[in-house]
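The values are calculated or read from the model by the stated rules, or taken from the named source; none is laboratory data. Note that the coordinates shown come from a computational prediction; the quantities given were computed from them, not determined experimentally. Every residue, glycine as well, gets a Cβ built from its backbone with ideal geometry; the counts of neighbours run over all protein chains shown. Areas reflect the complete protein model, heavy atoms only, side chains present, ligands, DNA and RNA absent. Shrake-Rupley method; radii C 1.70, N 1.55, O 1.52, S 1.80 Å.
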Amino acid sequence: MKLKKLHISKGVKVVLFSACVLAAIGFAERSETGDVCLDIIVKIGNQYENYFVDEQDVIQLITNNSQRIVHGAHFSDLDLKDMENRLQEEYFIGDAEIYKDLKGNLLVQVELQRPMARIIRTDGPHAYVAEDGTILPVSEKFTARTILISGKVTELLKEPLW
């Protein structure tokens, strides 16, 4: 005994497909606006022997020194791009990405600048030279073990921007 195939007209198929697409869009839109930040997860790359910035510093930067409440806020009220920009303005942070996951967590990934040498000047501020050539200020928090550069060669290096 053979089962008969159902022959569904082309118009019914189009209507069913359209209904499925609209339902998916509606579900995604509803879940997007209803999400609340449950936790902030910070991942700091290349932190080995590089402690200029830690997790607490990153949280301070994204919360604008605790002026902006992130934990418990709706994601629709958070400006993730502005948070990324604040992180990237920090001298010791090379790159930053902020995004949310499906569990309601705010994920913050940060890549730190790695100092390669320390500039010792007699007539100006001391500084670090990062791997990419960026001039970084010295930190009160951490002193990196690097090569020291001093003397006339420091005059050839560009002035720091801070």
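Computed values, structure above
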read-out	value
Identity of the residue in the range 80-109, of a type in the set (Asp, Glu) and not in a loop (DSSP other than H, G, I, E, B), that ends up least open to solvent (accessible area, probe 1.4 Å)	Glu84
Top-ranked residue in the range 52-79 [being farther than 14 Å from Val42 by Cβ and free of Cβ contacts under 8 Å to residues at least 24 places away in the same chain; ranked as least open to solvent (accessible area, probe 1.4 Å)]	Asn64
Some residue of the range 111-127 being surrounded by 15 or more Cβ atoms within 10 Å (Cβ to Cβ), under 12 Å from the mean Cα position of the chain (by Cα) and under 20 Å from Glu49 (Cβ atoms)	yes
Which listed residue is closer than 19 Å to Leu148 by Cβ and aliphatic (A, V, I, L, M), from Ala130, Ala96	Ala130
Test for Thr122: is it farther than 30 Å from Val36 by Cα, part of a helix (DSSP H, G or I) and β-branched (Val, Ile, Thr)	no
